[in-house]
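Here the structure is laid out as structure tokens; the discussion comes afterwards.
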Amino acid sequence: MRVSLIASVLLVSLGFVSPTRAHEATSKGVTVAHPWARATPGGSTVGVAFMEVKMADGVQDRLISAASPVAGRVEIHTHIMDGDVMKMRKVDSIDVASGQSHVLKPGGDHIMLFDLKQPLKEGDLVKLTLTFEKAGAIDIEGTVEPVGAKGPHGMDAQPVNSDEKPSSDDHNAHQHH
Ligand SMILES: [Cu+2]
């Protein structure tokens, strides 16, 4: 029991994620769960990824950076309201309190993938590394989900699904800084 716990901690700290747990990874009490990205249609080179970040009881940490082999540059973003317009801003970090869960989701905080080296295709897996101040780097693989009604993050020409009402995080009103 103790040996297997130590072994799994070692494996995670070395960046290995076992296949059965590819969609959830834990290091030092920090768990990254259910990561996903939106498919990027056409020639878009900007993608967006979301996930849940959970702290174990007694663990407090801070997401300080993100990276992906498919992207030239990755930033941590949040959304703010500027008058009536929702905009996104790069943030340096996201603090998560002990025992708390911070969900990065459409319309909220998210991981922005710039300079994609290849389109993100529905059904693919995208490798992401989230680095925390104390827990260090956590490697995960996110599923690539359909573009959906709101379209890819940061694009002006969005395919709009008429069955779905525009929502507050409609990216037509979502401006790059
Ligand atoms: Cu963004």
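The values are calculated or read from the model by the stated rules, or taken from the named source; none is laboratory data. As the structure is a computational prediction, the values presented were derived from the model and not from experiment. For neighbour counting, all protein chains shown are included, and Cβ atoms are generated from backbone atoms with ideal geometry for every residue, glycine included.
Residues in segment 45-96 that are in a loop (DSSP other than H, G, I, E, B), of a type in the set (Asp, Glu) and within 16 Å of the ligand (Cβ to nearest atom): ASP92 alone.
The conditions are (1) at pLDDT below 95; (2) within 19 Å of PRO41 (Cβ to Cβ), and PHE114 fails exactly one of them. Which is it? Every condition holds for PHE114 apart from (1). Taking the criterion of being crowded, with 22+ Cβ neighbours inside 10 Å and part of a strand (DSSP E or B), the residues of segment 128-143 that qualify are LEU128, LEU130, PHE132, ILE138, ILE140, GLY142.
Taking the stated definitions as given, is LYS90 touching a residue at least 24 places away in the same chain (Cβ under 8 Å) and more than 16 Å from VAL30 (Cα to Cα)?
Criteria met by LYS90.
For beta carbons closer than 6 Å, sequence separation of 6+ or different chains, a first residue in segment 99-123 that is touching a residue at least 60 places away in the same chain (Cβ under 8 Å) and away from the ligand (no atom under 16 Å from the Cβ) and a second that is among the hydroxyl-bearing types (Ser, Thr, Tyr) and in a loop (DSSP other than H, G, I, E, B), the qualifying pairs are PRO119/THR40. Looking only at segment 50-81, filter to residues that are surrounded by 15 or more Cβ atoms within 10 Å (Cβ to Cβ) and modelled with pLDDT under 95; which one of those is nearest to the chain's Cα centre (by Cα)? Among residues in segment 50-81 that are surrounded by 15 or more Cβ atoms within 10 Å (Cβ to Cβ) and modelled with pLDDT under 95, the one nearest to the chain's Cα centre (by Cα) is PHE50.
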